[in-house]
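The values are calculated or read from the model by the stated rules, or taken from the named source; none is laboratory data. Because the structure is predicted, anything quoted here is derived from the model rather than measured. All Cβ positions, even for glycine, are placed from backbone atoms using ideal geometry, and neighbour counts span all protein chains on display. Only protein heavy atoms, including side chains, enter the accessible area calculation; ligands, DNA and RNA are left aside. Shrake-Rupley method; radii C 1.70, N 1.55, O 1.52, S 1.80 Å.
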Amino acid sequence: MTKDNLDKCKAVALDLLHLPVEPCEKVEFLVYHPFFTDRYTMDDKHNLVDILNDKTAEAAVKKRLEKRIKNAEKWTDIIMLMHKPYWGFYFAIISPLIADKKEYGEWLISIWTMTEFPNADNNFIAEWCKMFKKAEKRYLMDKEEQEIYNSLPDKVILYRGVHDKKSVRKLSYTTDYDIAKWFAQRFTQDGDKSYIIKTVVPKSAIFAYIDNEKECIINPRAIKEYTIEEIIKRGNGNAFPNKE
């Protein structure tokens, strides 16, 4: 990356850094901010400070982070300072500045897999699709995953386990029914309802295959028809399916 592009990445990060710290209504000590998860942090003298209620402390902590951002030698040093849920958002902004196709693809898939609930924000679905369309498949998958992707039929049956049966047009699906069922019943209690969505998409609509959860990252626009199965949790066991 050129120095000019790195400076642009730094400018974006600095804008995000100086956003206000917003409280989490559900959990007293958590906050919403690209660089902070907790209202309590350490200052330069290793004293615990409350950045939500102490503006002087907040300014000092941000000043320290500002210096690290300005001194960063790579854009990847900057993103590692951020809270993971904001990685995709930051990457979407700076991705046009990343000329190396290998770096782009490998970081995109890493950000996707390390971001908890990447499908959660409906307003960001289009951005994910835009980034995956730009990426080359050879950099989104390792050799074994590429071989599995190549072996898929022209029409691929996919499943998605959800708590909300309206959660259809998302990027995450799996080729494995049992894995979808595990996700559907994750966080549920005995007697709770959840759902398994089944659809068929053309192989060309699959951006990447991730073998860990037999996940297919797809273009949601390819979903034309689907069925929804209602399932009810019985018992408290919810072990991830072992396919070995």
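So here's what we get for this one:
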item: Carbon and sulfur %, accessible surface of the chain computed with the full protein complex present, 1.4 Å; result: 51
item: Paramagnetic reach from H83 (point 7 Å along Cα→Cβ, amide N under 15 Å) across the range 102-118; result: 115-117
item: K203/D142 FRET efficiency (R0 22 Å; Cβ-Cβ; nearest 0.05); result: 0.75
item: All aspartates and glutamates inside 19 Å of K143 as judged from Cα atoms, apart from same-chain residues fewer than 8 positions distant; result: E103, E106, D211, E213, E215
item: The range 122-244 shape via C-alpha gyration tensor axes, a/c threshold 1.5; result: prolate
item: Peptides 40-48, 108-116 ordered by average Cβ neighbours within 10 Å, highest first; result: 108-116, 40-48
item: Accessible-area order (highest first, 1.4 angstrom probe) of the listed residues H163, H33; result: H163, H33
item: Span-rule helices in the chain, defined as complete DSSP H runs reaching 15 Å or more along the axis (Cα) with Kyte mean at least -0.5; result: 3-17, 101-114
item: Accessible heavy-atom area order of D164, D54, highest first, probe of 1.4 Å; result: D164, D54
item: Estimated inter-spin distance, I232 and T113, nm [label 7 Å along Cα→Cβ]; result: 3.8
item: Cα shape, the range 87-189, gyration tensor, a/c 1.5 rule; result: oblate
item: Solvent-accessible area per residue, Å², over the chain with all protein chains present [probe radius 1.4 Å]; result: 58
item: Global geometry of the chain, whether rounded, prolate or oblate, following the gyration tensor of its Cα atoms and the 1.5 cut on a/c; result: oblate
item: Among 20-32, 193-205, the order from most to least packed when residues are scored by Cβ within 10 Å on average; result: 193-205, 20-32
item: Cross-link pairs beyond the 31 Å C-alpha cut-off, checked among K84/K134; K130/K181; K166/K203; K62/K214; result: K62/K214
